[in-house]
Amino acid sequence: MKQQFIEDVLTNHNNAKILARWDALALPDSWLVAGCLFQTVWNSTSQQAPESGIKDYDIFYYDPEDLSAEAEQAKQQYADELFADLNITLEVCNQARVHLWYESHFGHSYPKLISAQDGIDRFLIPSTCVGMTPQEVYAPNGFDILYQGVLSMNPLTPHRTLYEQKAHSYQQRWPWLRRME
């Protein structure tokens with residue numbers, strides 16, 4: 001199923017181009033993550049265009065040496081320039097500093113993370129916990145629940161209201177997804 005995931009993700013031309021230029025980013029412990037991956041799979045399953053409804057493309061990296069917003073913004077600016085021709089919204093986020101802003105943004109405390117993969121592990125919905133580089137795929141909960149469209153709350157991030165909002169949004173776009181409470 002891992003190979004099927006890779007094939008599906010790469011049908012999204014933006015994902016393919018981001019991964020083709022990955023080394024130019026030169027970000028430590030970095031992963032292409034989240035919606036651009038699992039939503040591409042759900043689009044494929046729904047016979048929709050691979051890029052349909054994907055609002056942004058997220059890149060996680062982990063740099064505990066510089067937790068400043070300025071350093072993260074510099075990485076964001078470089079990525080924006082590198083991928084400007086794609087005309088997509090790209091978000092670059094240092095997972096080493098998420099605990100500094102998460103509570104003020106989402107209203108819940110957040111632990112210090114130890115890697116970018118640790119951030120992937122904490123997505124609100126386990127079936128969406130996926131990341132990819134040109135050499136690796138990270139799916140701590142496997143691929144079955146992703147391809148089955150299972151939505152459930154992540155015990156590592158048990159924020160019911162945030163989960164409900166996210167699950168509702170997903171079901172509006174992919175009605176075949178099902179909640180498993």
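Every read-out reported here was derived from the displayed coordinates using simple, explicitly stated rules and does not represent laboratory data. Values in this document were obtained by computation on a predicted structure and should not be read as measured data. Positions of Cβ are generated from backbone atoms using ideal geometry, with glycine treated the same way; all protein chains shown enter the neighbour counts.
With θ taken as phi - 60° and the Karplus curve 6.51 cos²θ - 1.76 cosθ + 1.60 applied, the whole-hertz 3J(HN,Hα) list for the range 149-154 is x, 7, 10, 8, 7, 6 Hz, x standing for glycine and proline. The translational diffusion coefficient of the chain, from Stokes-Einstein at 10 °C and 1.306 mPa s with a Kirkwood hydrodynamic radius over alpha carbon pairs, comes to 95 µm²/s.
Here's the list of lysines a cross-link from K2 could span, going by alpha-carbon distance under 26 Å and ignoring same-chain residues fewer than 8 apart: K17, K55, K166.
Backbone geometry of the range 91-107 corresponds, through the Karplus equation with coefficients 6.51, -1.76 and 1.60 at θ = phi - 60°, to 3J(HN,Hα) couplings of 10, 10, 9, 7, 5, 5, 10, 4, 4, 6, 10, 4, 4, 5, 8, 10, x Hz, x marking Gly and Pro. Over the chain, dividing the summed -39,500 (n - 2.57) contributions of all DSSP H runs of at least 4 residues by the number of residues returns a 222 nm mean residue ellipticity of -12500 deg cm²/dmol. Karplus-derived 3J(HN,Hα) values for the range 48-59, using 6.51 cos²θ - 1.76 cosθ + 1.60 with θ = phi - 60°, are 9, 4, x, 8, 4, x, 7, 7, 7, 10, 9, 10 Hz; glycine and proline are entered as x.
Local charge for D63 was computed over the other residues whose Cβ lies under 13 Å away, with Lys and Arg +1 and Asp and Glu -1, and equals -3. Annotation: amide H-H contacts under 5 Å for E91 (H modelled 1.01 Å from N, sequence separation of 5 or more, or interchain): Y57, D58, I59. In terms of packing, defined here as the mean over residues of other Cβ atoms within 10 angstrom, the peptides 62-71, 40-49 line up highest first as 40-49, 62-71.
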